[in-house]
């Protein structure tokens, strides 16, 4: 068990102590003696304001992608930029720096949570303190506009429309990386932003280990007889019923419906404002009901993580998932290790048939299992099977390396994309909408995020293996349709800590050993060897 305590106060607060806000003189007594109680009060006040900014900014960004009219893009960008400026001014002021330094030097007086708050706030401050505010806010305006351009470009399949925005985003990210850490490679700076203590050397090793197994396994699968059987999950499925199915999946996955706002968007995402409020934005396609199913399971995994953070952390810098990699570990866990398992297939099949009795009433759980695990290289990452999925991520990782190093420009991306999809997956990319325009991440300035999808998938394999090793009847839990035991394990080992612990520490404590990609490659080998009789 850990020493984690949800209490946010390390000792009694003096009711007569003056609250010291960041930006005011140092919290000292008239005699010049440091006043730790006033510093604690100032920390709480700092967190209150940062929370309000975070809540507003995350909400505006989420609704901008779902319900805002197109004409509001510039207005939203300006509002977000102003919030960013104020947030940066508050966090990066000399007074805040001095406050955090004093608190860091007074560890004996802090609770474990307060110590974690100080550590994370110092890290957040360090990432922004040397970036000119006008540069950071200009980037916010640019990505807000670029995201709107990307949506229209994807619908039209028009890479040229988005191309200049990607070049501007890359250039600004290079510039900001230089401000953040002038001695580091720009891409390494951003990889560390999304997954602390990772860089290209880490991901080169990781992808090398994954390729060593996946590439020959994929060749063996292709040479074998594919799983046979009818696919009843093809056809056209009413979209209104699909939204009802989405709500059924919220319940099946174990999300608290009172805390989830379900809405539609072009590229699915989720956002957690507090442990009481998660936004799940999905899309439904009339000709692809399984896309809806696995989108919901994936985004629901993100929402479970956000709502599983200890509620005592809601209004602090520790709220939310600790990293993109650990977040993707949760989403990919429920999408794949639960959702695509043979044990869960009867429950999932039952829920789908409830909404589409005429089309799916005779579908069997085994047909569902074979269908959703069929290895079939195709151009869309979010629809990819588990075996080819890391190769989709690898394509993006290698292109991002070229963009951030200056070896490629946006105009080169479609050609690089086509070549790499041919080399790694053996397929032709039909058009830019199903190629380099398919994902929203670059338009939002999330260069460095993509590798965490593959890393998260691998973390999930290690978490599942630990559950089983410790005695959980994982298949039995999935077969029951009551995922509470899995939730409880993840909440105790991962979710409740929020940002107070880094990914590497969480893995070590939860699994009793450091991260190892061998669990992922062993899982893929065992699963697809069995499916394809290898």
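Values quoted throughout were computed directly from the atomic coordinates according to the rules given, and no laboratory measurement underlies them. All of these numbers come straight from a predicted model, not from anything done at the bench. For neighbour counting, all protein chains shown are included, and Cβ atoms are generated from backbone atoms with ideal geometry for every residue, glycine included.
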Original post:
Using only the Cα atoms of the range 380-534, what do you get for the radius of gyration and for Dmax, in Å?
Top reply: 18.4, 53
**OP:** State the volume of the convex hull built on the alpha-carbon positions of the range 200-532, expressed per residue in Å³ and rounded to an integer.
**Re:** 133 Å³
**OP:** Could you give the C-alpha radius of gyration of the range 36-129 expressed as a fraction of 2.2 N^0.38 Å, taking N as the number of residues it contains?
**Re:** 1.29
Subject >> Convex hull volume per residue in cubic angstrom - Cα atoms of the range 94-223 >> reply: 195 Å³
**OP:** Calculate how steeply helix 451-469 sits against the longest principal axis of the alpha-carbon atoms of the chain, using the helix alpha-carbon long axis, and give the answer as 0 to 90 degrees to the nearest 10.
**Re:** 80 degrees
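For the pair residue 469 and residue 236, what calculated FRET efficiency results from E = 1/(1 + (r/R0)^6), where r is the Cβ-Cβ distance and R0 = 35 Å, to the nearest 0.05?
Details: r = 44 Å, r/R0 = 1.26.
E(calc), rounded to 0.05, equals 0.20.
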Subject >> Helix 200-223 vs. the chain, principal-axis angle (Cα, 0 to 90°, nearest 10) >> reply: 10 degrees
Subject >> For the range 390-437, alpha-carbon Rg and Dmax in angstrom >> reply: 10.1, 28
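Just the projected area, averaged over all directions, of the convex hull on the alpha carbon atoms of the range 121-164: how many nm²?
On the way: hull surface 16.1 nm².
Seen from a random direction, the Cα hull of the range 121-164 projects 4.0 nm² on average.
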Original post:
For residue 45 and residue 201, what is the calculated FRET efficiency with R₀ set at 60 Å and r taken between the beta-carbons, to the nearest 0.05?
Top reply: 0.90
Subject >> Normalised per residue, the volume of the convex hull around the Cα set of the range 322-377 (Å³) >> reply: 104 Å³
Original post:
Angle, helix 484-493 long axis vs. longest principal axis of the chain, Cα atoms, 0 to 90°, nearest 10?
Top reply: 40 degrees
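With 21 Å as the cut-off, how large is the P(r) tail for the range 211-301, expressed as percent of Cα-Cα pairs? Walk me through the intermediate numbers first.
Values: 1909 of 4095 pairs.
Taking all Cα-Cα pairs of the range 211-301, the fraction more than 21 Å apart is 47 percent.
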**OP:** Give the Rg (one decimal place) followed by the Dmax (whole number) of the range 171-216, computed from C-alpha coordinates and expressed in Å.
**Re:** 13.2, 42
Original post:
How big is the C-alpha Rg of the range 404-483 next to the rule-of-thumb value 2.2 N^0.38 Å, as a ratio?
Top reply: 1.63
Subject >> Gained length - residue 428 relative to residue 247, 0.36 nm times residue gap less alpha-carbon distance >> reply: 61.6 nm
Original post:
For the range 149-298, what is one quarter of the convex hull surface built on the Cα atoms, given in nm²?
Top reply: 13.9 nm²
